[in-house]
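Chemist: One structure is given below, represented as structure tokens, and several questions about it will come after.
Just so you know, all these numbers are worked out from the coordinates, no wet-lab data involved. Note that this is a predicted model, so its numbers are computed, not measured.
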Amino acid sequence: MGTMQGAAFINGEFMAAVDARISIFDSGFVGGVSVFDTLACWEGGLFKLPRHRARFERSAHAAMIPLRCGGEELEAVIVETTRRSGLRNAYVQAIATRGRRPTPSMPSHEPTLIVYAIPYVSIWSEEKADSGISVIIPAIRQWPAAVVDAKIKNFNRMHTHLAKLEADRANADDVVLVDDRGHLTESRGANVFLVRGGTLYSPQSGILEGITRETVFEIAEELGIPADQRDLTPFDLYNAEEAFLCSTAGGIFPISSADGRRVGEGAIGPLTRAVRERYWQRHLSGPDVTPVFD
Ligand code: PLP
């Protein structure tokens, strides 16, 4: 067994990732009361650090989970944890929970703040970066906003776990969840885009406000590709010229089929390729990048 690489920060203390531990009575574990955010460090630079930090704060605010630090101080902790990992390509996560409960049913007043940096993780297998992944629309639905607003980036993932089991049984790689109205929402840990009539579309509701999704809209504008958000259905996905999933953990990933229907040419298309290329370029230099190792 290899040693886990990486560094961690828990409530003010830095340590090796392998030594990071929290209580079994932590509300993040016992009650699923946790919010988080995931960042990528690419070639030594953290991508869109202030945007991720701000989204993490919005999730924590909505869930009323107090953060022991915020703003620039929180950004400095994220940078320092990444620096201590020594990893130039890292998967960096910040997590906040309501902390250890005095008894399992009582809320704690000492929240837990965790940051860790480990070797970069992608949701999808790199072998399929050009050939694309197969998705299904699972029977299980996305949370309605009246239950849990998908904008709160939190660790309650039972629905996508069950959705992935459906995908496994169907021999598919991943899922796109629909909401109660049958509108496309998002995947597990990723947003979705499709191309119709040369325009990029992404669902407009029932989704996490993905930073990669936001970046795709910025790139579309840069490249002169029309892009919009709107209600979309499985029909739109089946008949798309191209479609892709997008996430901090994997970037831009083409969809080759949906529910057994070939999507577009059944492999990465020209718009997806152009967006992907620009997406990774933007990780190397420019205003989105916070250098870690200077
Ligand atoms: N949707 C969900 C449910 C997610 O958990 C994530 C990321 O983990 C995304 C979308 C993609 O968001 P981002 O592009 O900010 O990584």
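Chemist: Could you give the alpha-carbon Rg of region 53-176 over 2.2 N^0.38 Å, rounded to two decimals?
Modeler: Compared with the compact-globule rule of thumb, region 53-176 sits at 1.30.
Chemist: Using just the Cα positions, wrap region 211-292 in a convex hull and report its mean projected area in square nanometres, one decimal place.
Modeler: 6.0 nm²
Chemist: Take region 145-194, drop everything but the C-alpha atoms, weight them equally and run the Debye formula without solvent; then report log10 I(q)/I(0) at 0.13, 0.30 Å⁻¹ to two decimals.
Modeler: Computed log10 I(q)/I(0) values: -0.32, -1.37.
Chemist: Cα to Cα, under 23 Å, and not fewer than 8 places away if on the same chain: which lysines meet these conditions relative to LYS128?
Modeler: Partners within reach: LYS164.
Chemist: Just the Cα atoms of region 165-221, one point each, no solvent: what log10 I(q)/I(0) does Debye give at q = 0.17 Å⁻¹?
Modeler: The calculated log intensity ratios at q = 0.17 Å⁻¹ are -0.63.
Chemist: With the contact rule set at Cα under 8 Å and sequence spacing of 6 or more, what percent relative contact order holds for the chain? Walk me through the intermediate numbers first.
Modeler: Working: 655 pairs, mean separation 57.9, N = 294.
Computed value for the chain: 20 percent relative contact order.
Chemist: Can I get the semi-axes of the chain's equivalent ellipsoid? Compute them from the C-alpha gyration tensor as square roots of 5 times the eigenvalues, in angstrom, largest first.
Modeler: 32, 23, 17
Chemist: Based solely on its DSSP helices, what 222 nm [θ] is calculated for the chain when runs of n ≥ 4 H residues each add -39,500 (n - 2.57) and the sum is averaged over all residues, nearest 500 deg cm²/dmol?
Modeler: Value at 222 nm, helices only: -7500 deg cm²/dmol.
Chemist: To continue, here is another question. By a straight-distance test (C-alpha under 15 Å), which aspartates and glutamates pair with LYS48 as possible cross-link partners, with residues fewer than eight away in the same chain excluded?
Modeler: Correct list for LYS48: ASP37, GLU57, GLU72, GLU75, GLU209, GLU214, GLU218, ASP288.
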